[in-house]
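First comes the structure, then the notes that go with it.
The values are calculated or read from the model by the stated rules, or taken from the named source; none is laboratory data. Everything numeric in this text was worked out from a predicted model, so none of it was measured. All Cβ positions, glycine included, derive from the backbone under ideal geometry; neighbour counts span all protein chains shown.
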Amino acid sequence: MIAITGASGKLGQLVIKELLQVVPAAQIIAAVRSPEKSDALHALGVQVREADYDRPETLAQAFQGVEKLLLISAVQPGERFKQHKAVIDAARHADVKLIAYTSLLRASTSRLILADEHKRTEAYLKRSGIDFVLLRNGWYLENHTDALAAALAHGAINGSAGQGRFASASRADYAGAAVAVLTQPGHAHKTYELAGDHAYSMAELVEELSRQVSRQITYNDLPSSDYASALQGFGLPQMIVDVVIDADVKSAQGELDSASRDLSRLLGRNTTSLAEAIKAALQT
């Protein structure tokens, strides 16, 4: 049995659908906070079990009979490590044999504010005695392409990344890597630095966007305080604003760039290109 935590989220759903290509539905457990709100997962024929990170008793029941577990990192900064610890403890008590964890690119040395809880989770997982795989996901292409509608409406994209480069990949790419380590032998105790094959700057992003829509879109590189004010004006929670600003500023220091080809090797193909991601976003 293979269980996926956070299975109702965007990454989790992609993992489930990819798993179904190689594993019978009866051997897949979608572990979610609210099974009653998971009709799409029920429709796929997989087992849907309640697994609330904040209610350890649900985790113990959800992991019964599970051999391999994908721990998709929790959403809320500041609460993540506590929640991840609860999952790992429940998995150990349920005799889960392997946990794959979606961490952060170069988590052990990263200076991103997101890194600390990932680093602590990795350390706790290593001490648990359970075989593990660390999937250190880089930046998501969707972090940029999800904002293209606003960019087209205003003719510009704002940011504070300067000439920083993003070795981003798509959610589908990261989902494929997770499925590979869950269904193929030889990955226990491995750490994979997962990143896109071709990094890009924001200037290159708007250049490609402009080409595809046949009109000029500009990139406004703002002081971080001005960019933060703009994001706050859109009503974004402060913790999200902090993460976005931190990522942009530190991209200029190389924190989101990478020459690793671990992801494409796990996938057995090239990662999704920026041009492909923009094209797909424009079609939705």
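Things worth noting here:
- Those residues of segment 107-117 which are within 14 Å of the chain's Cα centre (by Cα), surrounded by fewer than 23 Cβ atoms within 10 Å (Cβ to Cβ) and outside any helix (DSSP H, G or I), in sequence order: Leu114
- Of the residues in segment 148-160, none is within 15 Å of the chain's Cα centre (by Cα) and either closer than 22 Å to Ile4 by Cβ or of a type in the set (Ser, Thr, Tyr) (or both).
- Top-ranked residue in segment 9-66 [being in a helix (DSSP H, G or I) and of a type in the set (D, E, K, R); ranked as nearest to His84 (Cα to Cα)]: Glu57
- Only residues that are of a type outside the set (A, V, I, L, M) and at pLDDT below 95 were counted in segment 11-44, giving 8.
- Scan of segment 169-193 for residues that are touching a Ser or Thr at 6+ places or on another chain (Cβ under 6 Å) and not hydroxyl-bearing (Ser, Thr, Tyr), ordered by number: Ala169, Asp173, Glu193
- Residue match in segment 172-184 (condition: farther than 22 Å from Lys10 by Cα and either part of a helix (DSSP H, G or I) or outside the structural domain of Ala115 (by TED's automatic domain parsing) (or both)): yes
- Here the helices (runs of 4 or more DSSP H) wholly within segment 222-274 that include at least 3 residues being under 20 Å from Ala175 (Cα atoms) and either at pLDDT 95 or above or among the basic types (Lys, Arg) (or both) are 262-267.
- Residue count, segment 250-273 (criterion: surrounded by 14 or more Cβ atoms within 10 Å (Cβ to Cβ) and either without any contact (Cβ under 8 Å) to a residue 40 or more places away in the chain or in contact with a helix residue (DSSP H, G or I) (Cβ under 6 Å, 6 or more places away or on another chain) (or both)): 6
- Applying the condition of being within 22 Å of Gly78 (Cβ to Cβ) and of a type in the set (A, V, I, L, M, F, W, C) to segment 118-134 and asking which residue is surrounded by the fewest Cβ atoms within 10 Å (Cβ to Cβ) yields Ala123.
- Ala161 being aliphatic (A, V, I, L, M), surrounded by 21 or more Cβ atoms within 10 Å (Cβ to Cβ) and assigned by TED's automatic domain parsing to the domain that holds Arg211: yes
- Neighbours by Cβ (under 9 Å, 6+ apart or cross-chain): first from segment 1-27, under 15 Å from Ala43 (Cα atoms); second of a type in the set (D, E, K, R): Ser8/Arg33; Ser8/Lys37; Leu14/Arg171
- Members of segment 18-44 that are surrounded by 14 or more Cβ atoms within 10 Å (Cβ to Cβ) and basic (Lys, Arg): Arg33
- Comparison of Ala91, Ala151, Ala74 shows that the only residue that is in contact with a helix residue (DSSP H, G or I) (Cβ under 6 Å, 6 or more places away or on another chain) and not in a strand (DSSP E or B) is Ala74.
- Segment 60-81, residues that are surrounded by fewer than 20 Cβ atoms within 10 Å (Cβ to Cβ), more than 30 Å from Ala259 (Cβ to Cβ) and either in contact with a Ser or Thr (Cβ under 6 Å, 6 or more places away or on another chain) or at pLDDT 95 or above (or both): Gln64, Gly65, Glu67
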